[in-house]
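Participant: Take a look at the following structure, please.
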Amino acid sequence: MVRKRWPAAAVALLVAAACQGGTSGGAPPVQIGVVAPFSGPDAQFGKLLSAPCIVASRLIDAAGGIMGASVSCLSIDDTGDPADAVPNVTRALATSGNLRMVVGLESQTAATTIPLVEKAKIPFFTANGLDAFDRTTDRFFWRMTAPDSANGVAFALWASRKGYRRPAIVFENNIGAEGNLPGLQAAMPRLGQTAVIDLTIPGDAASYSSVVDRVVAARPDVLVFSADPQTAATFLSQYSQLNGGSLPPMVTATDSLTPDFFNAVAKAVGVQYVTRSIYLVGSYFDNTTPAFATYARTMSSTPAVKGIARTILSIGPPASIYDGINIMALAMEMAKSTSGPAYDADITRVVSPRSGAVVVHDFAAGKKAIESGKSVRYVGVIGPVTFNRYHNFAGEFAANMFNPDGTSHQVGVMSGADVQSYLG
Amino acid sequence: MWGLNLQFGVGGVANLAYVVVVAAGAYTYAVLTLGPPAASGGFQHYVLGLRLPFPVALASAGLAGGVTGVLIGVTGLKRLRQDYQAMVMLVVSLMAGTVVAADTGLFNGNAGLSLIPNPISGVSGMTSGWPYVGIVAACCLIGFVVLRRFTTGPMGRALRAVRDDETAAAAIGKDVVRLRLVVQAAGGVFAGLSGALLVAFIGGWSPAAWAPVETLALLTAVIVGGMGSDAGATVGTLVVTVLLLQGVQFLPEIRSHPGLKEALGWMTLGAVTIAFIWVRPQGIVPERRPRHGREAPPTHVGRIEPLPPPASRPGAGGEAILEVERLVRRFGGVAAVDGASFTVRRGSITGLIGPNGAGKSTALSVISGFLEPGGGAVRFDGADVTGRPAHELARRGLVRTFQLAREFRGLTTLENLLVAAPGQRGEGAPGVLAGRRYWGGQERELVARARGLLAMFGMADREDEPARNLSGGQKRALEVMRALMTRPRLLLLDEPMAGLSPRLAERLEEVLLQLQRQGLSVLLVEHELDVVDRLCEQVVVMAQGRVISTGRMAELRTRREVQDAYVLG
Amino acid sequence: MHLLVDAVGFGIAAGAVIAIGAVGFSLQFGMSNVLNITYGALMTLAAYLGLFLLGRGLSAWAAMPLCAALVGLASVGFRRLVVAPLRRRGTGALGMVIVTVSAGIIVEYAIVAVAGTAAQSYGRQSGATLHLLGMTLTAGQVAIILIAAGLMLGLHLLLTRTTLGRAMRATAANPTLARSCGIATERVGDAAWLLSGGLCGAAGVALALTTVSFDFTLGSVFLIPMIAAAVLGGIGQPYGAMLGALVVGIASEVAGALWDPAYKDVVAFLILIVMLLVRPRGLFGAAWSARRLLA
């Protein structure tokens, strides 16, 4: 790599420079950029993040588009590797003249891609939880995904609610997992828990026997765990073998709510453990609201995403992307412009409670209300939203469990305020 | 890219750890330009954080790359086989990756560093990418010019010689260790700079960005383009990145197999690499060797130029230029040389004969510094040189040839001779930096001298031929000529007549006698006893590692122990 | 103390798998003088072949010899179609490494093209554990240790008691001399690649059984400890490789138990680098191998 990307990077830069200012107004289709890994080891994550865009754009088009312009999703492959992500995003920003909003921007590449989008003055909703953006002053930055540290607190809080006092912390040394550690470690003493062991393990090793032996010897009552599917499967299988066939329950992140994780772990230690003893903790939303009904119905009837609909419907990041697209689209309607600097300020107004505002749950209703001169308040899948001064909003947290067919259901909710109080 | 070509193609050091060097440059740049960890949000942990300006950080990154290159180079210097070296490099890069990823305090572990300042982002009003493209282009241009100087001059020639045959390079007085470290350092500086420029552009750097598998793409680029050719490196990069890595992006997505496209890309990359090694190992743009113009006609045709003045210590060592005392060399339990003692008189041609396995070649290797002696002493020109390295001995004037010709395959016949000349101005740092102006004059003299030698052996018409294309006899002759180019005072010849055409052999005999008259001393290992008879006043006979007899050939033929040795041996 | 004893036990179990692979690798390298990186990918291939056979109703233990045979044939095919012709064309040692790395990548991504990147598994392992000499081992680990021991014994008998074995040892020690003694070195070479490919296949299935969950990088990740074991024992020295495998296995597991598990793999890396730099002929290497390894 590295030097090989020079030509690509240089070409992207040249094109970027050449195309600057080459864009103009009009009503051609509005493009929504989805920055996510579409190739490489995390390609599945890309599908989870692009599905809500497909659903939202379908609904927006059905409602007559944004100011008459139809909407399309543009996949921008960040490959999970910053060195590839930067040229790819730069190229997309430069060559797609109608890129008007961006979503995705996951944690592995966010730190390098977000400055690019910000500089291009395109508003974006990010699905990453990096603590780096808790107090960002970026004008076009918007986030409705909880920071990783808050996620870590939620792990501890859920374990505590279930009555576990002696957790073992076992995290794979990868970027996603490590972000949760500070919050987790801060919250445990406040919740009266003692981590009996705290280990970082390498991914995809042939054997974890000696590590497992240490964890077994510490006699934890719960595993607070995070690892890729293969590592998790190997670790758990060896745990079960060395612990007389039994395994303590596990609290892990909703990142693991994937078919890959379910299949790998179920094959290694059996479906029963996976469905009965694994809690997947992450951002919460209520699945009985009208907004969710629209979201779920469209998701299940869209051919391209039907197959993974049930997984997507149970986790937070896609829902926040769906809401984010609707919010930006309504802000465009409100500002009567698709230009970033023009509609960015309206994003707060679309969601904030104001007297006389009509509460709407989807784009179609919102558009109608705006067209008839009313002000609106969008309450979407993840519920009512209020952004703080850093354009961040952290909602509530939920624990999910797998169903025997690999889908999942919610088993409990933790309020955002609760989680914040243990963060210190 | 050029950095790797310099190391891999020219230097022959399979630096699979190349990415580590790039990474070192990138990390150095990152931690130097970033502010203190706490000031930048406290979410990433790393050392330093000095907020240095761009040029300083860039230079430091180059320096860090150079140092890392040398460090890695030192581990590769044990004279291991190339494939073992490659493995060491691979493991070094894996280990560096693991350690950096696991140690969160150093460079923020697996999460990597982000928000690394871009040199132009702070400058107001510069929103387009042009200025950065300009900076990169300028760096590339400077880099290319320096690289050209490095690879095209005498320095590059010496490096290529080391790549083609380390042993033979040592035999003509090249300090192989020093040359290799120079390559590593120079390649490292390039790699470090490229790492810094890259990281400044992408703004982030994490272990995922420098997986060793990426090096394969780089290696493929070098192999496809042509090893040791600057233009080839550029062509290779274009082919590999544009056609293979980016090309597969345009294939239609097959929904049932999401990873298929990428898999096909990698498979193609592998197949292309194998195909090139199989069909066209020299690459698309093969390494081209320079032709020398007619500006320097051969001097002294048919005559050997005078030898350098005799030793600075007049009279030192007296009669004998070489004294070998009770020399021992064992392989396992077998003593190949078992206490041999003999001398070579100044200005004489001394023969060394004996049956197969008598230890003649081994003795030659120990004397010339290619094998460590197991005991005994070697004095050259009065100084004790026991166990000194080969290149040092060669510089003192003790030069050997090999039983099997060891030409520098990739160099032309003429270059094979030029590279052997001692004290070349173009081989030092000033020569590389100042370019042809600095060494051009000396080069012309050397070309003239080399052409004189070629003319003498009737090989003037082959001077631009790559040495690998010469006939066996011509290679042997080249070997002797190359040794003569070093201006030796004592020449150790290991069966120089074997494989020579009668005409060349006759010519060689004449040359040797002529040189002897000018003061050259020769130790000649030879099977053709008639040749020995004609050339040597004194002959040493070895058998089973010992000297069994010494004298004139005519006397020796009559001695019982000599006859026995040949019959029994 | 208890953890240490257990770690030694796990080390022996890990060492058993490494041993099967490392002995084959060492044998092949010693015979052909080719640093064959494709070996790792062929292990992965064996694991996936095993998966396919499991899907056809075979048990993993029954699939192992079949996979071994198939990978053995693949290994001979690779020698005949790629390695030998290139050797005749004069490709150098380094060129050969690049070729085998490339071939390994082709095999790996061919597996991806067919089976995808998702983690695979042979299924649940029995939960039974055995206590031996204070060590805790699972039934599967014990079975693999026994299989490894059996294979090593078989190999020992083959090398010492049969004409083929003696011909192999002779060829490894000095190919030129062996040829002039009338040994058909080409055929012996094929036999060695068949044998080492078979061991590679067995190791692949054994590895898939130990890790329980695996993907297409299975073998290449495992290649370093295996090469470390082979080099530690001395290339071309099957018995050295067995001992080397135990050392590498135990050292890694003990490091994982007593030190930071994140650095577990580093142990094998360190052993390999130190051995290559300090004593490339291995702990038990004979003089001949030293001469062949030095440039």
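The values are calculated or read from the model by the stated rules, or taken from the named source; none is laboratory data. These figures come from a predicted structure and were not determined experimentally. Quick reminder, even Gly has a Cβ in these numbers, built from the backbone with ideal geometry, and neighbours come from all protein chains shown. Heads up: the accessible areas ignore ligands, DNA and RNA and are worked out on the full protein's heavy atoms, side chains in. Shrake-Rupley method; radii C 1.70, N 1.55, O 1.52, S 1.80 Å.
Participant: How many partner chain Cβ atoms sit within 10 Å of a residue's Cβ in peptide A:260-267, on average, as a whole number?
Facilitator: Neighbouring Cβ atoms belonging to other protein chains average 4 per residue here.
Participant: How shielded is C:273-280 by partner chains, expressed as the average number of their Cβ atoms within 10 Å of its Cβ atoms?
Facilitator: Partner-chain Cβ atoms within 10 Å, mean over residues of C:273-280: 4.
Participant: For region C:76-117, which residues drop by 50 square angstrom or more in accessible area between the chain on its own and all protein chains together (1.4 Å probe)?
Facilitator: SASA drop of 50 Å² or more in region C:76-117: C:89, C:94, C:98, C:102, C:105, C:106, C:109, C:113.
Participant: May I pose another question? Could you rank the peptides B:505-513, B:554-562 by their average count of other C-beta atoms within 10 Å per residue, with the highest value first?
Facilitator: Going from most to least packed, we get B:505-513, B:554-562.
Participant: Let me ask something additional. Could you state how much accessible area residue B:149 has, in square angstrom rounded to the nearest 10, with a 1.4 Å probe and all protein chains kept in place?
Facilitator: About 90 Å², rounded to the nearest 10.
Participant: Is region A:288-424 best put as rounded, prolate or oblate by its Cα gyration tensor, with a ≥ b ≥ c the root eigenvalues, rounded for a/c under 1.5, and otherwise prolate when a/b is larger than b/c, oblate when not?
Facilitator: In terms of gyration-tensor shape, oblate.
Participant: With every protein chain kept in the model, how would you rank A:336, B:360 by accessible area, 1.4 Å probe, largest at the top?
Facilitator: If we order A:336, B:360 from most to least accessible, we get A:336, B:360.
Participant: Using a 1.4 Å probe over the heavy atoms of the protein chains, calculate the carbon and sulfur portion of the accessible area of region A:349-397 as a whole percent.
Facilitator: Percent of accessible area from carbon and sulfur atoms in region A:349-397: 51.
Participant: How big is the B-C contact in terms of buried accessible area, both chains counted, 1.4 Å probe, rounded to the nearest 100 Å²?
Facilitator: Buried area (both sides, nearest 100 Å²): 3800 Å².
Participant: Okay, moving on. Using a 10 Å cut-off around each Cβ of peptide B:264-277, what is the average number of partner chain Cβ atoms that fall inside? Write down the numbers at each step before the final one.
Facilitator: Working: counts 4, 2, 8, 9, 2, 4, 12, 4, 1, 8, 11, 1, 4, 10.
Across B:264-277, the average partner-chain Cβ count within 10 Å equals 6.
Participant: Which of A:183, A:46, A:64 moves most in a GNM of chain A, Cα contacts under 10 Å?
Facilitator: For chain A, modelled as a Gaussian network with Cα springs under 10 Å, the answer is A:64.
Participant: Can you give the accessible area buried between chains A and B, summed over both chains, with a 1.4 Å probe, in Å² to the nearest 100?
Facilitator: The contact between B and A buries close to 3100 Å².
Participant: Using only Cα atoms and rounding to the nearest 10 degrees, what angle (0 to 90) does helix A:229-242 make with the longest principal axis of chain A?
Facilitator: Between the helix axis and the principal axis of chain A, the angle is about 10 degrees.
Participant: Distance between the C-alpha centers of region B:440-478 and region C:1-49? Whole Å please.
Facilitator: Measuring centre to centre over Cα atoms gives 52 Å.
Participant: How big is the accessible area of residue C:252 in square angstrom, nearest 10, if you roll a 1.4 angstrom probe over the protein chains?
Facilitator: Here the accessible area works out near 20 Å².
Participant: Can you put B:427, B:262 in order of accessible area, largest first, using a 1.4 Å probe?
Facilitator: Working: B:427 25, B:262 75 Å².
Ranking B:427, B:262 by accessible area, largest first, yields B:262, B:427.
Participant: Just read off the accessible area of residue A:208 with the full protein assembly in place, 1.4 Å probe, to the nearest 10 Å².
Facilitator: 0 Å²
Participant: Can you divide the C-alpha Rg of chain C by 2.2 N^0.38 Å and report the result to two decimal places?
Facilitator: So the Cα radius of gyration is 0.97 times the expected 2.2 N^0.38 Å.
Participant: Output the peptides C:274-280, A:48-54, B:180-186 sorted from most to least packed, where packing is the average of other Cβ atoms within 10 Å over each peptide's residues.
Facilitator: In decreasing order of mean packing, C:274-280, A:48-54, B:180-186 become A:48-54, B:180-186, C:274-280.
Participant: While we're here: Identify which of C:133, C:218, C:157 has the largest mean-square fluctuation in a Gaussian network model of chain C, with springs joining Cα atoms closer than 10 Å.
Facilitator: Of C:133, C:218, C:157, the Gaussian network model singles out C:133 as fluctuating most.
Participant: With every protein chain left in place, what is the accessible area per residue of chain C in square angstrom, probe 1.4 Å?
Facilitator: On a per-residue basis, chain C sits at 36 Å².
Participant: Based on the mean of other beta carbon atoms within 10 Å per residue, what is the order of B:371-383, A:78-90, most packed first?
Facilitator: Final packing ranking: A:78-90, B:371-383.
Participant: When the helices in chain A are scored as -39500 (n - 2.57) per DSSP H run of 4 or longer and the sum is shared across all residues, what 222 nm value do you end up with, to the nearest 500 deg cm²/dmol?
Facilitator: -14000 deg cm²/dmol
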